[in-house]
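Below is one structure; the comments refer to it alone.
The values are calculated or read from the model by the stated rules, or taken from the named source; none is laboratory data. These numbers come from a predicted model, not from an experiment. Here the Cβ is made from the backbone with ideal geometry for all residues, glycine too, and neighbour counts use every protein chain on show. These accessible areas exclude ligands, DNA and RNA; they are computed on the full protein's heavy atoms, side chains included. Shrake-Rupley method; radii C 1.70, N 1.55, O 1.52, S 1.80 Å.
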Amino acid sequence: MIKKVLFVCLGNICRSPTAHAVMRAKANLAQINIEIDSAGTSGSHRAEAPDSRSVREGEKLGYDFSKIYSRPVVEADFAYYDLILAMDLDNFAVLQKRCPEVHKHKIQLFMQYHPKFATNKEVPDPYYGGARGFSLVLDLIETGCEGLCQFLKQSS
Ligand code: 4NP
């Protein structure tokens, strides 16, 4: 059974903290009892709060980003978490490379839980783009988290 989910992007300041905040809210509403965290494949924003552009976008819809701070993925995460969701194909490849063979099955693309996965495998990196990128990220993440909630409900 899936009890612990880790969302992973590059910096852990835009996409994965958004997924962390959105899933925390949606799991709570759906009364799904899981532990949620997020991390980055890079540690270059370590201890930073989420990007203000992500927070602005999420807060418009009432999501709470408190107590989320950037941290890098560590070796122990692969054993600890039951499901490790990469936001894009680069993150997925880095995780696959670093993960011990026995835990590799835990790594999936986040978009697998989105109904448009067949044509869209990634939540695109919004960091160097404009505000539209951040609203697209939130949109993809909300729908993906709804799919993830449905999956968790069915498999519990
Ligand atoms: P994230 O976005 O991976 O969604 O947190 C990024 C944050 C920082 C950088 C790139 C992407 N950066 O190059 O610093």
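The residues of region 109-139 that are under 22 Å from Ile2 (Cα atoms) and part of a helix (DSSP H, G or I), listed by number, are Phe110, Met111, Gln112, Tyr113. Here Met111 passes the criteria (1) free of Cβ contacts under 8 Å to residues at least 40 places away in the same chain; (2) within 16 Å of the ligand (Cβ to nearest atom); (3) surrounded by fewer than 17 Cβ atoms within 10 Å (Cβ to Cβ); (4) of a type in the set (A, V, I, L, M, F, W, C) except the one numbered (3).
Results for (1) modelled with pLDDT under 95; (2) open to solvent by 50 Å² or more (accessible area, probe 1.4 Å); (3) more than 15 Å from the chain's Cα centre (by Cα), shown as yes or no for each residue.
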| residue | (1), (2), (3) |
| --- | --- |
| Pro115 | no, yes, yes |
| Pro126 | no, no, no |
| Gly133 | no, no, yes |
| Leu136 | no, yes, no |
| Leu140 | no, no, no |
| Thr143 | no, no, no |
| Leu148 | no, no, no |
| Ser155 | yes, yes, yes |
